[in-house]
Amino acid sequence: MKDYFSHETAVIDEGALIGKGSKIWHFSHIMPGAKLGENCNIGQNVVISPDVTLGPNCKVQNNVSLYTGVICEEDVFLGPSCVFTNVTNPRSAINRRGQYATTRVGKGASIGANATIVCGHDIGPFAFIGAGAVVTKTVPAYALVVGNPARQLGWMSAHGHRLDFDNNGQAACPESGQHYQLKDHCVQPI
């Protein structure tokens, strides 16, 4: 007996591992070797390719494509229609299946609707990628990036609020009260 929910139109291939309490909605396809942690929510029309890993409590909104090479840690949010690439120089006539690049999305990161993540560039924990952004380089933890190509505008708290650092490099999240330190272009909770 399965301990997760899948809509009758979802296709889950043999060899896919689905964590307890996860939900897979209409017309989604989970391919062999894909691994979904506990309590993941997979929206409609999502493709999760072989060997993709989602940690516990990931939320994948409608029309998202996750290709081989993507690893999402726990609590990752993937907005509607965002997409990940996995080959840096694709050509229809040239098979590059053995050349997939890895992209790791850190714990608690959020990727906005219609964003594109070019392969081989990691997204740091709690980073916030704005809607429509095109990420062409690695994004630091807690960074807020927007645009095409994506550029950093500031920093975000783990609760998803913009951080306003003082002259001492300290800021507090207005929702949680958690304090953060900015030093050498790195943010850490204190």
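Readers should treat all values here as calculations from the given coordinates under stated rules, not as data from a laboratory. The shown structure was predicted, so the numbers you read here are calculated from the model rather than taken from an experiment. Note that each Cβ is placed from the backbone with ideal geometry, even for glycine, and that neighbours are counted across all protein chains shown.
Annotations
- In the set (1) 2, 8, 16, 20, 17, 14, 11, 6, 4, 2, 0, 0; (2) 1, 7, 12, 14, 13, 11, 10, 7, 6, 5, 4, 3, 2, 2, 1, 1, 1, 0, 0; (3) 1, 8, 17, 21, 22, 17, 9, 3, 0, 0, the label that goes with P(r) over Cα pairs in 5 Å bins from 0, in percent computed for this structure is (1).
- In straight-distance terms, cross-link reach from K137 covers every one of the lysines whose alpha-carbon lies under 19 Å from its own, apart from those fewer than eight places away in the same chain; here that gives K107.
- Ranked by the mean number of other Cβ atoms within 10 Å of their residues, highest first, the peptides 16-27, 88-99 fall in the order 16-27, 88-99.
- Stokes-Einstein diffusion of segment 121-190 at 10 °C, 1.306 mPa s viscosity, Kirkwood radius from Cα pairs, rounded to a whole number: 131 µm²/s.
- A protection proxy built from the mean count of other Cβ atoms within 10 Å ranks the segments 147-158, 111-122, most packed first, as 111-122, 147-158.
- Those GluC sites (Glu not before Pro) in segment 1-93 that DSSP places in a loop and that have at most 10 other beta carbons within 10 Å: E8, E14
- Alpha-carbon centroids, segment 138-152 and segment 103-127: separation in whole Å: 9
- With a cut-off of 14 Å between beta carbons, the residues surrounding T88 carry a summed charge of +4, where Lys and Arg count +1 and Asp and Glu -1.
- Restricting the calculation to Cα atoms, segment 1-89 shows an Rg/Rh of 0.93 when the hydrodynamic-style radius is the Kirkwood one.
- Cross-link partners of K2 among lysines, defined as those whose alpha carbon lies under 17 angstrom from its own and excluding same-chain residues fewer than eight positions apart: K20, K23, K35.
- Formal net charge of residues neighbouring E74 (Cβ-Cβ distance under 15 Å; K, R +1; D, E -1): +2
- Proximity of backbone amide H atoms, modeled 1.01 Å from N, is registered between C72 and T53, L54, G55, V105 at under 5 Å, excluding neighbours fewer than 5 places apart on the same chain.
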